[in-house]
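Working notes, structure below.
The values are calculated or read from the model by the stated rules, or taken from the named source; none is laboratory data. Keep in mind the model is a prediction, meaning the values are calculated, not measured. So basically every Cβ, Gly included, is an ideal-geometry build from the backbone, and we count neighbours across all protein chains shown.
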Amino acid sequence: MHEVSIAESLLDVAVDNCRQSGHTRINSIQVLIGKASGVMPEALLFAFDSMKEDTIARDATLDIVEVPLRGHCNVCGKDFEVEDRYVLACPNCGGLQYTVSSGRELTIAEMEVE
Ligand SMILES: [Zn+2]
């Protein structure tokens, strides 16, 4: 399962950061997940919760913030935002030449440590 390896690397990064700053406990982690990243938030949450037990993040809550899929159309020149997990064409003009500007991220936005 895709989300298991993502949860694992999120934990690794979080634990490393926490130790490097001289802390011993992680209280919460906020992650930004783009709607087009292909990650299912529920599955990630489940994987994270089952993996955190033996780490300094055992009491940490994972706060998932979904980032909408946004892009810029090179045909009509407008920016757009879609509710779906993918974009096939510009919602304004149906143009096929567009640049996705957000929605693919998978990053730790914030951490609370002790
Ligand atoms: Zn367009």
Within the range 76-88, restricting attention to residues that are at pLDDT 95 or above and surrounded by fewer than 17 Cβ atoms within 10 Å (Cβ to Cβ), which residue is nearest to the ligand (Cβ to nearest atom)?
76
Criterion violated by residue 1 - all others in (1) modelled with pLDDT of 95 or more; (2) surrounded by fewer than 16 Cβ atoms within 10 Å (Cβ to Cβ) satisfied
(1)
Do we find that residue 29 is touching a helix residue (DSSP H, G or I) at 6+ places or on another chain (Cβ under 7 Å), hydrophobic (A, V, I, L, M, F, W, C), exposed (fewer than 15 other Cβ atoms within 10 Å of the Cβ) and under 21 Å from residue 2 (Cβ atoms) in this structure?
no
In the range 5-28, how many residues are among the β-branched types (Val, Ile, Thr) and within 27 Å of residue 82 (Cβ to Cβ)?
1
Condition met for residue 96 (modelled with pLDDT of 95 or more and away from the ligand (no atom under 16 Å from the Cβ)):
no
I need the full set of residues from the range 57-75 which are surrounded by 14 or more Cβ atoms within 10 Å (Cβ to Cβ) and within 16 Å of the ligand (Cβ to nearest atom), in order please.
69, 70, 71, 72, 73, 75
